[in-house]
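Below you'll find the structure, written out as structure tokens, and then a few comments.
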Amino acid sequence: MSKCEVCGNDYDKAFEVHMGGERHVFDSFECAIHALAPHCAHCGCRIVGHGVESGGSMYCCANCAEQEGVSGMKDRV
Ligand SMILES: [Zn+2]
Ligand SMILES: [Zn+2]
């Protein structure tokens, strides 16, 4: 079977993620998030939910966007 590209685990229930025309293989969602999830431009945490986007930057929540000077943001979740 496929090997996880993050931790190298050879797992028979590994799954594929297709993103931006590339094929990735992971053994767990934790590894997939580690490799693919964007980072909040303010606090640096991984954005696993919807997040908010403004001016090309991603934020984990409206509060972080506000602290970076983006006003009028609302959480969409
Ligand atoms: Zn892994
Ligand atoms: Zn944040």
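Quick notes
- Test: residue in segment 31-52 that is at pLDDT 90 or above, away from ligand 2 (no atom under 12 Å from the Cβ) and in a loop (DSSP other than H, G, I, E, B): yes
- Filtering H39, H34, H50 for residues that are surrounded by 10 or more Cβ atoms within 10 Å (Cβ to Cβ) and within 16 Å of ligand 1 (Cβ to nearest atom) leaves a single hit, H34.
- Of the set (1) touching a Ser or Thr at 6+ places or on another chain (Cβ under 6 Å); (2) within 16 Å of ligand 1 (Cβ to nearest atom), all apply to V70 but (2).
- Residue within segment 6-23 that is open to solvent by 50 Å² or more (accessible area, probe 1.4 Å), part of a helix (DSSP H, G or I) and closer than 24 Å to M58 by Cα present: no
The values are calculated or read from the model by the stated rules, or taken from the named source; none is laboratory data. Treat the numbers as computed from the prediction; the structure is a model and nothing was measured. In this analysis, Cβ positions are derived from the backbone assuming ideal geometry, glycine residues included, and neighbour counts consider all displayed protein chains. Surface areas here come from the heavy atoms of the whole protein model, side chains and all, with no ligands, DNA or RNA. Shrake-Rupley method; radii C 1.70, N 1.55, O 1.52, S 1.80 Å.
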